[in-house]
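Read through the structure below, which is laid out as structure tokens, and then see the notes.
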Amino acid sequence: MKRIILLSTVALLLGIGLFFSVYASADRSEPGTSADPLVTKSFVEEYVQKQLSQAPLGGGAWQIVTLSPGQVFLGGEGTEFIVRGGQAIVVDPTGSGIPSLTSGTNLTNGRSMPANHLGLIPRKDGRGLKANTSVIIMYRGSAEGR
């Protein structure tokens, strides 16, 4: 009698376990269904390319400009730049300064722009650099010289 009760209990527990495992897996979506679609590599690449083309990311490739003493480099909105050689001072008619992203400081009008620091022009409002000596600037984004 004890053996029948034990076997009945084991069978009942196995049945309950089987029921819950089937019930729990019913909530999971099968790969490839509308609830969990599979995507191809070309779809992902196309999607990423579309997203990148809609969001400006610093203006693309780095460009190089050489300024003669007295020339001014004015950046557009979001222009990133690095003074690679020479000495230049900050031009800032707004009084807001140019952030040096390298040092985390704000360089105001007339201050020297340290070499090899990444600077950022926040707005196209006349901010930029004036060359004291011959200056080499790497930049990406829009810029103009005068």
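Bear in mind these aren't lab numbers, they're just calculated from the coordinates by the rules spelled out. Because the structure is a prediction, the values reported are computed rather than measured. Don't worry about glycine lacking a Cβ; one is built from the backbone with ideal geometry, like all the others, and counts go over all protein chains shown.
Quick notes on this one:
- Estimated vicinal HN-Hα couplings, Hz - segment 70-79 in sequence order (Karplus 6.51, -1.76, 1.60; Gly, Pro = x): x, 6, 10, 10, 10, x, x, 4, x, 6
- Taking only alpha carbon atoms, segment 63-145 gives an Rg to Rh ratio of 0.90, where Rh is the Kirkwood radius.
- Proximal charge balance of Ala88 [Cβ under 12 Å; K/R count +1, D/E count -1]: +3
- Residue-count net charge about Leu101 - beta-carbon cut-off 15 Å; Lys, Arg +1, Asp, Glu -1: +1
- Leu52-Asn132 FRET efficiency (beta carbon distance; Förster radius 25 Å; 0.05 resolution): 0.10
- Residues of type lysines that Lys41 reaches as a straight line, Cα spacing below 27 Å, ignoring anything fewer than 8 places off in the same chain: Lys50
- Low-density loop positions, GluC sites (Glu not before Pro), segment 40-109 - DSSP coil, at most 15 other Cβ in 10 Å: Glu77
- Gaussian network model of the chain, Cα within-10 Å springs - most flexible of Ala88, Ala131, Ala35: Ala35
- Residues within the reach of a label modelled at Ala61 (point 7 angstrom out along Cα to beta-carbon, backbone nitrogen below 14 Å), restricted to segment 117-146, are 139-141.
- A Gaussian network model of the chain, with springs between Cα atoms under 10 Å, assigns the largest mean-square fluctuation among Gly15, Gly78, Gly95 to Gly15.
- Over the residues of the chain, the helix contribution to mean residue ellipticity at 222 nm works out to -9000 deg cm²/dmol, using -39500 (n - 2.57) for each DSSP H run of at least 4.
- Space enclosed by the convex hull of the alpha-carbon atoms of the chain, per residue, Å³: 218
- Amide H to amide H, with H built 1.01 Å from N, His117 comes under 5 Å of Val83, counting only residues 5 or more places away or on other chains.
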